[in-house]
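Just below is one structure, and these are the notes that go with it.
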Amino acid sequence: MIESSKPLLSGASKYLAIMALALLAQTHLCAQESLTGTLAKSGVTVEGIDLGSNAETAGLQISDVLISWSRGGSFREIESPFDWSDLPNANDASGPTVLRGFRSANERTWTLKNGVSGLKIGPVVLERFAPDYRKCRDLSKANGFAESARCWRSVIARFQSADPPWLFPWILDQIGQLSAKVQQWNEMNNAYNEALRITRDTNPRIAGHLAISWLSLTKSQFDNDLATQRKLSPGSLKVATALENMGNLAKVNGNVAEAEKYLRDVVEIRERLSPGSLELAESFNQLGDVFQMREDLTEADEYFHRALTIQEEKAQNIDAVVTTLSLLATVAINRGDLLAAERYYDRALPIVRESQPEGTLMATILIGEAAIEASRGEFAKTEMFAAHALAIREKLLAPDSLPVSECLVLVGRVALARGELTKSEEYLARALAIQQKLPASPYLASTLSALGDVAVYRGDFAKAETYISEAQRICEKAAPNSLAVALTFFQLGDIEQRRGDWPRAVDQFQKALAIQKRLAPKGFAAAMTLFKLGAAYSSLGDPKKGEEYLQDALAVEDNLAPGEVSAAVRLQSKAILSLARNGLDENDKYLEPSLSALERLESGNESIEQKRAYLLGTAAMNRGDLTKANEYLLKASEIAEKLD
């Protein structure tokens with residue numbers, strides 16, 4: 001008999017061994033228990049601080065909990081790590097950032113001079129979730145990215161009605177980021193698809209943050225794909241597709257210069273290998289869209305026309321033809337050529353009426369038609385087109401989508417033009433509620449700009465300036481030196497003019513005009529700015545310079561399509577021009593018909609009636625007719641009180 005070399009366990013030892021195994025099994029079972037209830041709370045925890053950073057200088061320490069922040073105003077809550085991206089970064093030097101939170105149980109505040117650079121943060125997890133959280137996080141810290149992603153997947157598998165709602169998508173975000181680091185692109189895309197499916201309807205703001213994160217990581221995927229295709233088949237159509245992906249991604253991220261570089265390479269390859277193809281036409285449209293983003297309207301028009309030529313020859317994709325005609329119409333509107341824009345829409349409408357009379361392309365055309373009528377002062381038609389577009393988009397798209405908010409802003413602006421301030425604010429507030437759930441965008445800038453105009457009409461210049469300055473900040477970041485930026489300069493100049501600060505008004509109008517002259521010198525916006533400058537210089541006692549600007553305004557107006565707005569501005573220009581040349585008495589000859597033209601735009605528009613009374617009162621006062629001046633100015637004051 002062969003004896004075992006291992007000593008036999010005594011009864012007591014056997015008992016202890018069995019207990020140890022039981023405890024080990026119990027621990028393993030506990031680790032696999034479902035995760036329910038509240039696992040984290042509001043705020044973020046400081047998990048890392050860079051040496052020499054703003055955070056270290058401010059006195060922050062690891063494990064500090066941050067719950068709110070402020071930049072020169074009221075404090076904003078930090079509910080989750082998703083909110084951290086809203087805080088100013090190191091490149092934002094517009095003032096110190098104040099953080100409020102806790103160290104242990106003691107409330108603290110920290111002031112960072114130039115944004116929140118140098119901080120690594122995570123969620124504030126509760127003790128029952130802390131072991132899982134630390135395990136997955138520490139794997140990532142040790143560069144075990146794939147292992148960390150698998151760890152988070154195992155955590156998700158045990159989730160059952162866990163709170164707060166943002167925690168599940170936050171973990172999926174971690175999985176997506178970790179998977180990208182090891183080029184597991186399918187796993188990355190699956191994680192973000194799942195996260196967006198959960199948040200798209202319940203929390204559009206978090207969905208917006210997830211989309212930005214996904215786009216950023218998708219660039220790594222596209223970079224990898226481009227490098228692979230260039231190695232396997234340099235200069236091929238597969239390389240063109242990879243470049244196209246990179247170019248369109250750069251457009252989405254607002255990197256216009258990078259988008260142009262990639263898309264030019266796409267056009268070069270497809271012109272060489274597939275001339276006259278619909279794929280080449282699409283490349284022309286994509287490149288034209290880049291030029292339109294930077295408001296190089298001549299180049300945009302050229303590429304859109306090249307795309308249209310191919311599409312009409314092929315006649316295989318009528319939707320593509322309609323899209324290109326709409327793009328050409330937008331270029332024409334931005335140039336102030338309303339008749340040309342109408343011709344493009346007239347070509348597109350029969351196609352759309354036959355293929356999808358109540359589809360998204362019809363809504364796009366209706367938005368363009370509304371913009372044309374708004375430029376002419378035909379507000380009843382503007383409202384009709386905008387309301388129809390809104391009805392289509394609300395039926396086909398999510399009610400809190402950006403295209404729906406675009407329609408709401410347009411309808412709100414129509415109400416504003418009619419002097420219906422309350423109605424305007426209602427539509428704009430609905431648009432703002434949609435857009436504020438998402439990262440800042442040109443849509444949000446448009447709404448803020450419109451709200452600024454409402455505040456101006458109510459006489460709240462400080463509030464108007466706040467809205468418009470924020471709109472300007474967004475526009476300058478997305479498309480510097482664009483017509484959208486010019487509009488904000490014009491609005492700020494109008495505020496200064498109403499305050500009576502003519503030198504500052506002139507400065508803002510000149511900034512607007514510099515952009516408009518470069519991008520759309522014959523547009524209606526340029527005419528309005530020239531008119532404002534003419535009036536400003538005349539008021540500053542420089543009638544000669546005022547006359548030059550007013551003559552330029554009239555020259556631009558003469559080239560525009562006929563419309564009541566154009567006629568009203570032309571008559572006002574002549575009134576001020578006459579004042580500069582012939583004195584006060586001659587002014588009334590043009591002032592009265594110009595104001596009558598304004599009044600005809602919308603009968604009963606109290607905002608226009610107020611302007612009419614104010615200007616007539618000012619003219620009467622300049623003539624020394626104090627009785628008439630008092631009558632008109634009193635009427636203007638009474639209307640202002642009603643509008644407020």
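Contour minus end-to-end for Asn193 and Thr111, with contour as 0.36 nm per residue of separation and end-to-end as the Cα-Cα distance?
Details: separation 82, 0.36 × 82 = 29.52 nm, distance 3.78 nm.
The span from Asn193 to Thr111 would gain 25.7 nm if fully extended.
Given axes a ≥ b ≥ c from the Cα gyration tensor, I'd like to know whether the range 373-478 is rounded (a/c under 1.5), prolate (a/b larger than b/c) or oblate.
On the way: a/c = 1.85, a/b = 1.12, b/c = 1.65.
Because a/c hits 1.5 or more and a/b fails to exceed b/c, the range 373-478 counts as oblate.
Per the 1.4 Å probe, what fraction of the accessible area of the range 460-548, in percent, lies on carbon and sulfur atoms?
Working: 2140 of 4030 Å².
Answer for the range 460-548: carbon and sulfur cover 53 percent of the accessible area.
Might you tell me the accessible area per residue for the range 256-318, computed with a 1.4 Å probe and given in Å²?
Numbers: 2870 Å² over 63 residues.
Value returned for the range 256-318: 46 Å² of accessible area per residue.
In angstroms, what radius of gyration and Dmax does the range 456-535 have, counting Cα atoms only?
12.0, 33
Using alpha carbon coordinates only, what is the Rg to Rh ratio of the range 289-407, with Rh defined as the Kirkwood radius?
Numbers: Rg = 14.2 Å, Rh = 14.7 Å.
Across the range 289-407, the Cα-based Rg/Rh ratio is 0.96.
Quickly work out the Ser63-to-Ser161 label distance, labels modelled 7 Å from Cα along the C-beta direction, and quote it in nm with one decimal.
3.4 nm
Within the range 62-81, find all residues whose amide N lies under 15 Å from a label point positioned 7 Å from the Cα of Thr38 along Cα-to-beta-carbon.
79-80
Order these peptides, 163-174, 229-240, by their mean beta-carbon neighbour count within 10 angstrom, highest first. Intermediate values should be presented prior to the final figure.
On the way: 163-174: 20.3, 229-240: 15.2.
Order by mean packing, descending: 163-174, 229-240.
Carbon-plus-sulfur fraction of the accessible area of the range 297-414, 1.4 Å probe, in percent? Mind dumping the intermediate values first?
Working: 2660 of 4960 Å².
On the range 297-414, the fraction of accessible area on carbon and sulfur atoms equals 54 percent.
Mind listing which trypsin sites (Lys or Arg not before Pro) in the range 135-224 are in a DSSP loop and have 14 or fewer other Cβ atoms within 10 Å?
Sites meeting the loop and neighbour criteria: Arg158.
At 0.36 nm per residue, and after removing the present C-alpha to C-alpha distance, how many nm does the segment from Gln551 to Ala380 gain when stretched out fully? Write down the numbers at each step before the final one.
Numbers: separation 171, 0.36 × 171 = 61.56 nm, distance 3.08 nm.
Contour length minus Cα-Cα distance gives 58.5 nm.
Could you size up the charge dipole of the range 68-188 around its Cα centre, putting +1 on the beta carbon of Lys and Arg and -1 on that of Asp and Glu, and report it in debye to the nearest 20?
Taking the Cα centre of the range 68-188 as origin, the dipole is about 360 debye.
Just to compare against my own numbers: the Cα pair-distance distribution for the range 243-316, 10 Å bins, whole % per bin, please.
Percent of Cα pairs in each bin: 23, 52, 23, 1.
Can you compute the modelled spin-label distance between Thr360 and His305, with each label point 7 Å from Cα toward Cβ, in nm?
Simple spin-label model gives 2.9 nm for this pair.
With each pseudo-label sitting 7 Å past Cα toward Cβ, what's the Ala462-Asp501 distance in nm, one decimal?
1.4 nm
Gap in Å between the Cα centre of the range 514-550 and the Cα centre of the range 137-173?
59 Å
Taking the range 229-331, which GluC sites (Glu not before Pro) meet the DSSP loop condition and have no more than 13 other C-beta atoms within 10 Å? Intermediate results must be reported in sequence, preceding the final value.
On the way: sites: Glu244, Glu258, Glu260, Glu268, Glu271, Glu279, Glu282, Glu295, Glu299, Glu302, Glu312, Glu313; in loops: Glu295.
Here no GluC sites (Glu not before Pro) fit, given the DSSP loop and packing criteria.
Please work out the FRET efficiency for the pair Ser154 and Arg343, using the Cβ-Cβ distance as r and a Förster radius of 56 Å; give the result to the nearest 0.05. Before the final figure, lay out each step's value.
On the way: r = 62 Å, r/R0 = 1.10.
E between Ser154 and Arg343, to the nearest 0.05, is 0.35.
Got a sec to turn the phi values of the range 58-73 into Karplus ³J(HN,Hα) couplings, 6.51 cos²θ - 1.76 cosθ + 1.60 with θ = phi - 60°, whole Hz, x for Gly and Pro?
Residue by residue, the range 58-73 yields 6, x, 5, 10, 4, 5, 4, 10, 10, 10, 7, 8, 8, 10, x, x Hz.
Within the accessible area of the range 156-247, what % is carbon and sulfur when the probe is 1.4 Å and the other protein chains stay in place? Intermediate values should be presented prior to the final figure.
Numbers: 2140 of 4310 Å².
Answer for the range 156-247: carbon and sulfur cover 50 percent of the accessible area.
Expressed in nm to one decimal, what extension gain is obtained for the pair Thr202 and Thr422 from 0.36 nm per residue of sequence separation less their Cα-Cα distance? Show your work: numbers first, answer last.
Values: separation 220, 0.36 × 220 = 79.20 nm, distance 2.92 nm.
Extra length available between Thr202 and Thr422 comes to 76.3 nm.
Rolling a 1.4 Å sphere over the protein heavy atoms, what is the accessible area per residue of the range 340-492, to the nearest Å²?
Numbers: 6320 Å² over 153 residues.
Ligands and nucleic acids excluded, the result is 41 Å² per residue.
Using a 1.4 Å probe and ignoring any ligands, DNA or RNA, find the accessible area of Trp185 and quote it in Å² to the nearest 10.
About 40 Å², rounded to the nearest 10.
May I ask you to derive the FRET efficiency for Arg353 and Ser401 from their Cβ-Cβ distance with R0 = 25 Å, giving the value to the nearest 0.05?
Values: r = 24 Å, r/R0 = 0.96.
E between Arg353 and Ser401, to the nearest 0.05, is 0.55.
Starting from the amide H of Ile49, placed 1.01 Å from N in the peptide plane, find each other amide H under 5 Å away whose residue is 5 or more places distant or on another chain.
Answer set, sorted by chain and number: Lys120.
The values are calculated or read from the model by the stated rules, or taken from the named source; none is laboratory data. All of these numbers come straight from a predicted model, not from anything done at the bench. Every residue, glycine as well, gets a Cβ built from its backbone with ideal geometry; the counts of neighbours run over all protein chains shown. We work out accessible area using only protein heavy atoms, side chains counted, and drop any ligands, DNA or RNA first. Shrake-Rupley method; radii C 1.70, N 1.55, O 1.52, S 1.80 Å.
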